Amino acid sequence: MTEKTVTIAMNGVTGRMGRNQHLHRSILAIRDSGGIVLPGGDVIMPDPVLVGRDERRLKEVADAAGGARWSTDLDTVLGDPAVDIYFDATATAARAGSVRRAIAAGKAVYCEKPLATSADEAFELAGLAAAAGMKNGIVADKLFLPGIRALERALKSGFFGRVLSVRCDFGYWVFEGGLEEPQRPSWNYRAEDGGGMVLDMFPHWQYLFEGLFGQITAVLCRAVTHIGERRDENGAVYTPTADDAAYGLLEIDNGAPGGILATVTSSWATRVNRDELVEFHVDGTDGSAVAGPRECRLQPRSATPRPTWNPDVPNPLDFRAGWLPVPPQEAEENAFKRQWASFLRHVVTDAPFAQTLAEGARGNRLAELALASSEQRRWIDVPGRADQ
């Protein structure tokens, strides 16, 4: 047995997502569990080097990570031949420049989404990585969630028959500041800093819908800013310039007549009355499902009740009781960690990895077209992969 150390320059881990999901719950969790054991018995062992601009915060995160190495000099880190992978979880507006430098330095690249603030720049970065022959990937964590994986198994089994429609409901109330502390950073609500619901979430919807159902061929969207005043991290009042909610329709080509129509509601100005913060309701000719990050419930055609519309009497049916939970088929594992393990195998062993930067650029393209649809108040076609 041999141990292959993979050194990862991790930029942006002083932020919530980078620190919690990528550093602690993924890379350190893999390291602390003994690494990734390959079929022949060899082990991949990740070794993080933390990169950022704030020395104090970097040192705090590094100390909490067991004394990890850290640096405020990205170019020096990228110039180190021992560094194998560059990972980016910085703010969206800062990402493209660092990714470009990492590709030029000959590093494999793995990034949070969105890859860039524009689709053209995202496709440029994907092209640069491909031309340089560098392995690359985009975070698509939601495909690796237990509830979504259960939904994928149901799809592959043919449970639904012909899939007709999908309804996605995502969101929660993000406090404006003042009486309650906001749960998201203020840049999320400034378009000039890469913020906005569409740019944040439509790249997720792209890889989820295309990863599960088929190619998105058209989008209709209305993006809005419901909350016109918020407070930043210092308590100062500011006017949001980015959308905080989006209401959309997606046409999906799954090879069947009529395809699939998906309705997508995304909002940071809604209060939750469902089991999870995002749920996907899938209807097919032979069955339906409701899936969230953790759970998936099914209702086959044979167990579908026969409701009768009569608002003059109490409803006699317990609709929720007619859904069957999907039992777990695998050990539950953090979705970010699961995808990190897949990417590390790809880098070391050439194992397949579908979530490339080119796929991330498609997410940028969908977000861009959704915003154009909102501005123009019309359906817009989404190019296929061969037409990007």
| task | From LYS113, LYS142, grab the single residue that is in contact (Cβ under 8 Å) with a residue 24 or more places away in the chain, outside any helix (DSSP H, G or I), among the charged types (D, E, K, R) and out of contact with any Cys (no Cβ under 9 Å at 6 or more places or on another chain). | result | LYS113
| field | The listed residue being within 26 Å of the chain's Cα centre (by Cα), surrounded by 13 or more Cβ atoms within 10 Å (Cβ to Cβ), under 19 Å from PHE336 (Cα atoms) and basic (Lys, Arg), out of ARG31, ARG100 | value | ARG31
| field | Of all residues making up segment 59-89, the number that are within 25 Å of the chain's Cα centre (by Cα) and at pLDDT below 95 | value | 1
| task | Collect the residues in segment 330-361 that are surrounded by fewer than 12 Cβ atoms within 10 Å (Cβ to Cβ) and either out of contact with any Pro (no Cβ under 9 Å at 6 or more places or on another chain) or in a helix (DSSP H, G or I) (or both), keeping them in residue-number order. | result | ALA331, ASP350, PRO352
| query | Do any strands (runs of 3 or more DSSP E) entirely within segment 250-317 hold 1 or more residues that are touching a helix residue (DSSP H, G or I) at 6+ places or on another chain (Cβ under 8 Å) and over 24 Å from GLY363 (Cβ atoms), and if so, which? | reply | 287-291, 296-300
| field | Residue tally, condition within 18 Å of HIS346 (Cα to Cα) and loosely packed, with under 12 Cβ neighbours inside 10 Å, over segment 34-62 | value | 3
| query | How many residues, within segment 198-216, are surrounded by fewer than 22 Cβ atoms within 10 Å (Cβ to Cβ), within 12 Å of ARG362 (Cβ to Cβ) and touching a Gly at 6+ places or on another chain (Cβ under 8 Å)? | reply | 1
| field | Residue check for GLY284: surrounded by 12 or more Cβ atoms within 10 Å (Cβ to Cβ), within 30 Å of VAL224 (Cβ to Cβ) and modelled with pLDDT of 95 or more | value | no
| note | Within segment 282-300, the count of residues that are farther than 10 Å from PHE159 by Cα and of a type in the set (A, V, I, L, M, F, W, C) comes to 4
| message | Residue under question is VAL219, and the condition is that it be modelled with pLDDT of 95 or more and crowded, with 17+ Cβ neighbours inside 10 Å; does it hold? | response | yes
| note | Residues of segment 145-188 being surrounded by fewer than 22 Cβ atoms within 10 Å (Cβ to Cβ), among the aliphatic types (A, V, I, L, M) and either modelled with pLDDT under 95 or assigned to a loop (DSSP other than H, G, I, E, B) (or both), in sequence order, are VAL174, LEU179
| task | Working only within segment 291-333, note down all residues that are among the aliphatic types (A, V, I, L, M) and touching a Gly at 6+ places or on another chain (Cβ under 9 Å). | result | ALA291, LEU298, ALA303, VAL326
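The values are calculated or read from the model by the stated rules, or taken from the named source; none is laboratory data. Predicted, not measured: the structure shown is a model, and the values here were computed from it. All Cβ positions, glycine included, derive from the backbone under ideal geometry; neighbour counts span all protein chains shown.
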